Amino acid sequence: MNQFNQQLQEARKKQQLLYAGGIATFLLSVLIVLAVILASRGTRIEIGPDDAAPLSSVHVHKGIALIIGETLYSISQTPAIFVSAEGFKSVTQSLTNKDFGKVLSVTLQPLPAKMALTTNIADDKTSWLINGETLAIAHTFVDEVPAGDYELTASHPYHQDAHFAVSLSRGELFKHQFELEPVDGSLTI
């Protein structure tokens, strides 16, 4: 065999060793990951309410952990998760030893709708009513309410009442200016 063929044989052996080493490293990595998953205690994460679950995302906030699907696998003794969903308040929740291997329920609270109401009258005599209940007497009204349907009323002693029906969703900011018209009247003596 000539020198050129020997160099080809040596290069082929090096390449085969490189491939074998890469495959062995990959298989060893897979085995280590599987061992960690099996050795750790898997905790299923259940998110409520039902309308928040499809919108939610869960991330590891603290500790050495992995989330696969709806299950948390952790090596840390006290990992923490961060759960968020559009229209809901985000939650950071720590797990303890008693939580591992069980179902962890995380309940998200809906964000309130915010309203900022004003009138075209520049005094503090306007009464603000939501669904018939007086909540404030002021020129402007700012409040947070749960999502839902509301009947808003701006009442002024020298102007006609203005009504407005609104349907607010979670986290919505609603701004409105009521145009109050003066009361027409006459006095006969």
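The rows are residues; the columns are (1) more than 34 Å from the chain's Cα centre (by Cα); (2) closer than 17 Å to residue 135 by Cα.
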site: 145; (1), (2): no, yes
site: 151; (1), (2): no, yes
site: 159; (1), (2): yes, no
site: 164; (1), (2): no, yes
site: 169; (1), (2): no, no
site: 181; (1), (2): yes, no
site: 189; (1), (2): yes, no
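For the subset of the range 50-64 comprising residues that are of a type in the set (A, V, I, L, M) and open to solvent by 50 Å² or more (accessible area, probe 1.4 Å), which member is modelled with the lowest pLDDT? Steps first, please.
Filtering the range 50-64 down to residues of a type in the set (A, V, I, L, M) leaves 52-53, 55, 58, 60, 64.
Remaining after also requiring open to solvent by 50 Å² or more (accessible area, probe 1.4 Å): 55, 60, 64.
Details: 55: 88, 60: 93, 64: 85.
Filtering first and then ranking leaves 64.
Take residues that are surrounded by 15 or more Cβ atoms within 10 Å (Cβ to Cβ) and tell me which of the strands (runs of 3 or more DSSP E) falling wholly in the range 121-189 contain 2 or more. First the steps, then the outcome.
On the way: elements: 127-130, 133-137, 140-145, 148-156, 159-168, 173-178.
Output list reads 127-130, 140-145, 148-156, 159-168, 173-178.
The residue that is farthest from residue 74 (Cα to Cα), among those in the range 93-115 that are part of a strand (DSSP E or B) and open to solvent by 30 Å² or more (accessible area, probe 1.4 Å), is 114.
The values are calculated or read from the model by the stated rules, or taken from the named source; none is laboratory data. Predicted model only: the values in this text are computed from it and were never measured. Cβ atoms come from the backbone with ideal geometry, glycine included; neighbour counts cover every protein chain shown. Heads up: the accessible areas ignore ligands, DNA and RNA and are worked out on the full protein's heavy atoms, side chains in. Shrake-Rupley method; radii C 1.70, N 1.55, O 1.52, S 1.80 Å.
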